[in-house]
Amino acid sequence: MPKKKFENDAVFLDQIPEFENVETIKLEKDYLKVIYTNLFFTFSIVSIILIIVVASFELYNKGGGFVISLGMYFIFWLLIIIYYIMSFKRRSYSFRDHDVIYKYGVIYHTNVLIPFNRIQHIALHQGLFSRMYGLASLQFYTAGGATTDINIKGLKLETAQKFKTFVSEKIEKIDKK
C-alpha cells in the first residue's frame, strides 16, 4: 500500500461549513401534550403536598402572607408553563450523512453537533405519556460523557426507530473501516 503524502493545508473561514444554518426539523406537536401532562401531574402532586402541610400546621391562620404566598405559587407555575412552551418551540434536530444536530434552549441557545464516529451507544426511550401519543426519544451517548450526550425527545416512534437504524448502520460502517 503506497504511503500517503502528509498534507497540512490552511483552512480559511469562508471554507468552514456553517452547521448553525442547517435546516432542522421541529419536534412533533403531540410532544407539547406530553409536556402539559407531565406538568399537570407534577403540579397536582406538589399542590396536594402543600395543601396537606398548610392544613396540618394551620399556616393559613398565621397572618396575611398566606394569600401572597398562594399567588406567588401560581405565578411560579405559570412561569414554568411559559418556559416549557418556549423551550418546545426552540427544539429541533437534523440528521445528516455524518452527524446529528440538535438545537435547544430558551435563555441560552445551544447547537450540538455529534459526528457519528463519536457515538458509542444509542438508546430509544418511551415514557408512559409518550407511549400514549406514540412518541419516543433518541438518546446518543458519546465518549465525552453527559455534557456531550444529547436526548432528542418528541419524535414519532416510527421516526425514532428509523433514525436509530440509520445511525447504527452508519456507525457499523465506520467501525469496519
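The values are calculated or read from the model by the stated rules, or taken from the named source; none is laboratory data. Just so it is clear, the structure is predicted and the values come from calculations on it, not from any experiment. Reconstructed Cβ throughout: ideal geometry from the backbone, glycine too, with neighbour counts over all protein chains shown.
Before moving on, here are some points about what is shown:
- Selection of region 143-165 for residues being aliphatic (A, V, I, L, M) and surrounded by 13 or more Cβ atoms within 10 Å (Cβ to Cβ) yields 150, 152, 155, 157, 160.
- Answer residue from region 7-20, given it is part of a helix (DSSP H, G or I) and acidic (Asp, Glu) and is nearest to the chain's Cα centre (by Cα) among those: 20
- Of all residues making up region 98-130, the number that are in contact with a strand residue (DSSP E or B) (Cβ under 7 Å, 6 or more places away or on another chain) and either among the aliphatic types (A, V, I, L, M) or under 26 Å from residue 85 (Cα atoms) (or both): 17
- Pair list, Cβ under 9 Å, 6 or more apart: region 78-101 residue under 23 Å from residue 116 (Cα atoms), other residue of a type in the set (Lys, Arg) and loosely packed, with under 15 Cβ neighbours inside 10 Å: 91/26; 92/26; 93/26
- Applying the criterion of at least 2 residues that are out of contact with any Phe, Trp or Tyr (no Cβ under 9 Å at 6 or more places or on another chain) and of a type in the set (Ser, Thr, Tyr) to the strands (runs of 3 or more DSSP E) found wholly in region 92-177 leaves 135-142.
- Tally of residues being buried (at least 17 other Cβ atoms within 10 Å of the Cβ) and either in contact (Cβ under 8 Å) with a residue 24 or more places away in the chain or more than 17 Å from residue 37 (Cα to Cα) (or both) across region 130-141: 7
- Qualifying residue in region 137-149 (condition: within 20 Å of residue 27 (Cβ to Cβ) and of a type in the set (Ser, Thr, Tyr)): yes
- Filtered residue count, region 28-58, keeping only those that are at pLDDT 95 or above, out of contact with any Leu (no Cβ under 7 Å at 6 or more places or on another chain) and part of a loop (DSSP other than H, G, I, E, B): 1
- Flag for residue 23 being modelled with pLDDT of 95 or more and not in a helix (DSSP H, G or I): no
- Yes/no for residue 125 being in contact with a Pro (Cβ under 8 Å, 6 or more places away or on another chain) and surrounded by fewer than 19 Cβ atoms within 10 Å (Cβ to Cβ): no
- Complete set of residues in region 91-105 that are exposed (fewer than 15 other Cβ atoms within 10 Å of the Cβ) and either of a type outside the set (Lys, Arg) or within 19 Å of residue 38 (Cα to Cα) (or both): 97, 98, 105
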